[in-house]
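Enquirer: Have a look at this one before I ask anything.
All of the numbers you see were taken from the coordinates with simple rules; none came from a lab. Every value quoted in this text rests on a predicted model; they were computed, and no experiment measured them. All Cβ positions, glycine included, derive from the backbone under ideal geometry; neighbour counts span all protein chains shown.
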Amino acid sequence: MRTFHDDGLNMWYDDGIPPAEEWQNEIAQKIMGSAMLVVFLSPNAVSSSYVNREIQFALSENKPILPIFLEETSLPPGLKLCLQQYQSCFCQRLDWQKRATEVIRKVLDEAGDPAHANKKIRNETVEEEIFDECEALWKVMDQIFTTQLNRQTRLFGPKKSSVAPTENREEASSPSVFSPANEKPAQPPVQKTRHPFAVDVSVGDGDDSSQEHKPPHKDSYLGNLSWIPPGKITIKVPYSSGRKAVSVPHGFWLSQLVVTQEVYTEVMGTNPSFVDTGGGFEVVNLPVNRVSWLDAVEFCKALTVLSELNGTIPKNHEFRLPTEVEWEYACRAGTTSDYYFGDDPAELHEHAWYLVNSMRRVHPVKLKAANPWGLYDMHGNIWEWVGNSFVNTLLEDSEQDEFRICRGGTYMKNASGCKSSSRDTKSLFHRYRNLGFRVALASLPNT
């Protein structure tokens, strides 16, 4: 570290975190604000879950990484695939410090202005309609004031007598600002929601190149990926009565199945899943579970590298998690009902594993009916991690905190918890036995 500092490189390392600080959040903030991550690797470091999390987080932020091997170290297959695209340095070589400095300077020169490294590329999928939060706030305040005024009038205004004297009836019928009987009925408040959800879906209106229908993409690991055409989805804005139309301007492929334990093991070399071997139930083709959001991102990165080496991925494409907008758009397949098959929860047993029929356990994939676009298990069985959330898309920003969104419901949810709009929030570090993911194949940004 002293050598790097002497060479004029501004390096930050985690030994500088004060005691009692939120060190995990501090490290994440530093990674997001950096031009690159330099990681010193040894057998002990590779076995540390904290080091792996930091590498995974840097990968999820698309930060360049410089691995420096302090000694001979074997990497897990998935991590090895992700890191092999970067130049590495080995401390056994005499010139490793010079080589490392050259690599770091090259990355800094390409980044240019240090502030440039922190700029996020704005997502262009949101239409130009502007949501004025201040205006929405004043509307809410007006509604609160009107409601309180009506309540005050109702409670303390003069009460209307049950039988008015004949001589006073004409007077009683004259307008009075204090009489609840002559008061205009208060407008019912517009329903608001804490969570964004879709209220309309239209298929089409994308760019010309991705309008046409394309056949499923066949991947040697994931199997078939269905083509999802471009379109538009209208979202109810949280904490307001507003709605916003969001485009899915480019078509993409989405895996018909969630990633299974066999596929995850083949790519990453390990299976983190909880497997219930009791009761004589089938234990093949089960969804991978107990994977964090970072694990899912690392899998996508590793699969992209592996497919590029095998020449099985289209040019300028990558495997990644679908965004929340893409996931719900694909799940609905042009529908606006509670489920892609309609509104009747009595039919859910034909399409999903949920609390009524799951026997409180995860089930193999592809045993239930697919949605109109050939996607299986979009309702129930396991939650599915997604990338950027509705809020990120609405605000045209990719900034996120520690929490990420998962969609679709699980085998432990009732019918109302497995709708096309069902969602949950979990820490990007956490792993659960009812949490997995499926993969999207999409063109690289700005290509």
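Enquirer: Which length gain, in nm to one decimal place, applies between Asp343 and Met11 when the Cα-Cα distance is subtracted from 0.36 nm times their residue separation? Before the final figure, lay out the partial values.
Expert: Numbers: separation 332, 0.36 × 332 = 119.52 nm, distance 5.62 nm.
Working it through step by step, the gained length comes to 113.9 nm.
Enquirer: Sticking with this one: Assuming a viscosity of 0.692 mPa s and a temperature of 37 °C, what translational diffusion coefficient in µm² per second does Stokes-Einstein assign to region 250-443, Rh being the Kirkwood radius over Cα pairs?
Expert: 194
Enquirer: Given an 8 Å cut-off on Cα distances and at least 6 residues of separation, report the relative contact order of region 60-108 as a percent.
Expert: Value for region 60-108: 42 percent.
Enquirer: Would you work out the charge dipole size for region 2-118 about its Cα centre, treating the Cβ of every Lys and Arg as +1 and the Cβ of every Asp and Glu as -1, and quote it to the nearest 20 debye? Numbers along the way, then the final one.
Expert: On the way: 10 positive and 16 negative charges, 76 e Å.
Dipole size: approximately 360 debye.
Enquirer: If the only charges are +1 at each Lys and Arg Cβ and -1 at each Asp and Glu Cβ, what is the size of the charge dipole of region 287-360 around the Cα centre, to the nearest 20 debye?
Expert: About 380 debye.
Enquirer: Subtracting the Cα-Cα distance from 0.36 nm times the residue separation, let me have the gained length for Leu70 to Met359 in nm, one decimal.
Expert: 99.1 nm
Enquirer: How would you classify region 240-336 from its alpha-carbon gyration tensor, with a ≥ b ≥ c the square roots of the eigenvalues: rounded for a/c under 1.5, else prolate if a/b is greater than b/c, otherwise oblate?
Expert: It comes out oblate by the Cα gyration axes.
Enquirer: Calculate the spin-label point distance for Thr447 paired with Glu308, positioning each point 7 Å from the Cα along the beta-carbon direction, and give it in nanometres.
Expert: Here the answer is 0.8 nm between the modelled labels.
Enquirer: Still on this structure, please answer the following. With a/c under 1.5 counting as rounded, go ahead and sort region 315-415 into rounded, prolate or oblate using the C-alpha gyration tensor (a ≥ b ≥ c being the square roots of the eigenvalues; past the cut-off, prolate if a/b is larger than b/c, else oblate). Please list the in-between numbers first.
Expert: Numbers: a/c = 1.83, a/b = 1.66, b/c = 1.10.
Verdict is prolate for region 315-415.
Enquirer: Using modelled backbone amide H atoms (1.01 Å from N, in-plane), which distant-in-sequence or interchain residues come within less than 5 Å of Val201's amide H?
Expert: Long-range HN contacts for Val201: Thr234.
Enquirer: State the number of lysine pairs found in region 2-118 whose Cα atoms come within less than 17 Å, restricting to pairs 8 or more positions apart or on distinct chains.
Expert: Going through region 2-118 pair by pair, I get 4.
Enquirer: If you don't mind, another one. How large is ³J(HN,Hα), in whole Hz, for each residue of region 73-81 in order, when computed from phi with the Karplus curve 6.51 cos²θ - 1.76 cosθ + 1.60 and θ = phi - 60°, using x for Gly and Pro?
Expert: 9, 9, 9, x, x, x, 5, 4, 4
Enquirer: Please compute the length gained on full extension between Glu102 and Val275, using 0.36 nm multiplied by the number of residues separating them and subtracting their Cα-Cα distance.
Expert: Gain in length upon complete extension: 57.6 nm.
Enquirer: Could you work out the relative contact order of region 2-118, using alpha carbon pairs under 8 angstrom and six or more residues apart, expressed as a whole percent?
Expert: Working: 112 pairs, mean separation 30.8, N = 117.
Across region 2-118, relative contact order equals 26 percent.
Enquirer: So for region 250-443, averaging the separation of alpha carbon pairs under 8 Å that are six or more residues apart and normalising by length, what relative contact order in percent results?
Expert: Numbers: 387 pairs, mean separation 62.8, N = 194.
Relative contact order of region 250-443: 32 percent.
Enquirer: Further, regarding this structure: Sorting check: for 241-247, 252-258, 283-289, which peptide has the highest mean count of neighbouring beta carbons within 10 Å, and how do the rest follow?
Expert: Peptide ranking by packing, descending: 252-258, 283-289, 241-247.
Enquirer: For region 250-443, compute the number of Lys pairs whose alpha carbons are separated by less than 28 Å, excluding pairs fewer than 8 positions apart on the same chain.
Expert: Lysine pairs meeting the criterion: 10.
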